[in-house]
Amino acid sequence: MEEIKLIAIDIDGTLVNSKKEITPAVKKAILTAQKQGKQIVICTGRPLSDTQRYLDELGLNGQENQYVVSFNGAVVESTAGQVIFKQGLKYEDYVDLETIARKLNLHFHSVSLDRIYTASRDLGHYTIYNSRVVKLEVSYRTQEEMKQIPIIKCMYVDDPDYLDDKIESPLFEMMKDRVVFSKTEPFYYEATAAGVDKGTGLKRLCDYLKIDRSNVMALGDQANDMPMLTYAGLGIAMGNAVEYTKQHADEVTADCDHDGVAVAINKILKYAWC
């Protein structure tokens, strides 16, 4: 095994348990890894604003030499907010994605670095939920008004069974050469710019830090984590991961309610001292 210099960690179902808490064992393992010089990087579909409580807990927040891969890889930035890379959606893509939502009667919103926008006055339950979770305000804007607003990603947000049925529509297939779709929660179906995912975001950060992929360990649980697990020299699926992620990971650790991140980190730290 190559020496691990950077540890990339998803948040939901990975860093935090089912209660959305970092367990004492996981916190201890991460802090130990930091003391040994390992770079800890949060890789998430969330914006930076919604990672800060966890960054605070881990002592990583507000620093120019600590980093977050956010918005599923569309933004790479320091925890102090210095943007290293950003690739948003084109306005034309936003218009077509929003039109699909109207045709399929799906709740939909778009996200910038600092705000959520909806072109429908009928706010969906999951838009309100997402706003509260990520700590971004919601504003109503027409399609025309969105022309001047930089859009990082778009989200279809609806009841899981209803959403799963609708995303089988061929309308989405027609967009797949222009955007990347990813299911990040049972009630979220997200669209980012073509060529953008957690793997490409992590690669851009590693190139910036001059760290080879062989020196990277990545941990995640959902299908949208697979690109970064594949990019990393060591890709670890959580015990609670979806089957697709488990099948394509290098190893499977314990689940998020049994300190899976700590188990994986302690294993590589033990190896480092062998």
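Details
- Applying the Karplus relation 6.51 cos²θ - 1.76 cosθ + 1.60 with θ = phi - 60° to the range 13-23 yields 3J(HN,Hα) values of x, 9, 4, 10, 7, 5, 9, 6, 10, 7, 6 Hz, where x marks Gly and Pro.
- Residue 31 paired with residue 248, simple spin-label distance in nm, labels 7 Å along Cα-to-beta-carbon: 3.6 nm
- Taken about its Cα centre, the range 91-193 carries a charge dipole of about 340 debye when Lys and Arg each add +1 at the Cβ and Asp and Glu each add -1 at the Cβ.
- Aspartates and glutamates whose Cα lies under 16 Å from that of residue 176, excluding same-chain neighbours fewer than 8 positions away: 92, 93, 96, 98, 168, 190, 197
- Using the Cβ-Cβ distance between residue 144 and residue 269 with R0 set to 41 Å, the FRET efficiency works out to roughly 0.15.
- Computed 3J(HN,Hα) for the range 250-263, one whole-Hz value per residue from the Karplus formula 6.51 cos²θ - 1.76 cosθ + 1.60 where θ = phi - 60°, is 6, 8, 10, 9, 5, 7, 5, 8, 10, 6, x, 5, 5, 4, glycine and proline marked x.
- Three-way shape label, the range 235-274, alpha-carbon gyration tensor, a/c 1.5: oblate
- Unsatisfied cross-links (Cα-Cα over 21 Å) in the set 28/270; 153/210; 5/28; 20/270; 86/147: 153/210; 20/270
- Neighbours of residue 5 by Cβ distance under 15 Å: Lys/Arg scored +1, Asp/Glu scored -1, total +1.
- Of the two radii for the range 206-274, the radius of gyration is 0.99 times the Kirkwood radius, both from the alpha carbons; that is the Rg over Rh value.
- Histogram of C-alpha separations across the range 93-240, 5 Å bin width, %: 2, 9, 17, 19, 19, 15, 10, 6, 3, 0
- Using θ = phi - 60° and Karplus 6.51 cos²θ - 1.76 cosθ + 1.60, couplings along the range 97-107 (whole Hz; Gly, Pro as x): 5, 5, 5, 4, 4, 5, 5, 9, 6, 10, 5
- Candidates 157, 263, 41, ranked by Gaussian network fluctuation over the chain, Cα under 10 Å, top entry: 263
- Calculated FRET efficiency for the pair residue 210/residue 169, C-beta based, R₀ 41 Å, to 0.05: 0.40
- The region of the chain that goes longest without hitting one of the GluC sites (Glu not before Pro) in a DSSP loop, each with at most 15 other Cβ atoms within 10 Å, is 169-274.
- Taking a point 7 Å from the Cα of residue 91 along the Cα-to-Cβ direction, the residues of the range 150-182 with backbone N closer than 18 Å to it are 150-154.
- Compared with the alpha-carbon gap, the fully stretched path from residue 2 to residue 122 is longer by 38.0 nm at 0.36 nm per residue.
- In a DSSP loop and with at most 14 other Cβ atoms within 10 Å, the trypsin sites (Lys or Arg not before Pro) in the range 157-206 are 176.
- Positive-end extreme of charge dipole, the chain - chosen from 157, 119, 74 (charges on Cβ): 74
- Theoretical FRET efficiency, 1/(1+(r/R0)^6), r = Cβ-Cβ of residue 80 and residue 18, R0 45 Å, to 0.05: 0.90
- Over the C-alpha atoms of the chain, the Rg to Rh ratio, Rh being the Kirkwood estimate, stands at 0.97.
- Mean ellipticity per residue at 222 nm, deg cm²/dmol - from DSSP H runs of n ≥ 4 across the chain, formula -39500 (n - 2.57): -9500 deg cm²/dmol
- Taking 247, 222, 87 as the candidate residues, the one with maximal mean-square fluctuation in a Gaussian network model of the chain, Cα springs under 10 Å, is 247.
- Per-q log10 I(q)/I(0), the range 51-158, q = 0.14 Å⁻¹ (Debye; single scatterer per alpha-carbon; no solvent): -0.60
- Top of 142, 51, 99 by mean-square fluctuation, Gaussian network on the chain, Cα under 10 Å: 142
The numbers here are math on the coordinates, done by the rules we state, and not lab data. Only a predicted model underlies this, so the values are computations on that prediction, with no experimental measurement involved. A quick note on method: Cβ atoms are made from the backbone with ideal geometry, for glycine too, and the neighbour counts reach across all protein chains shown.
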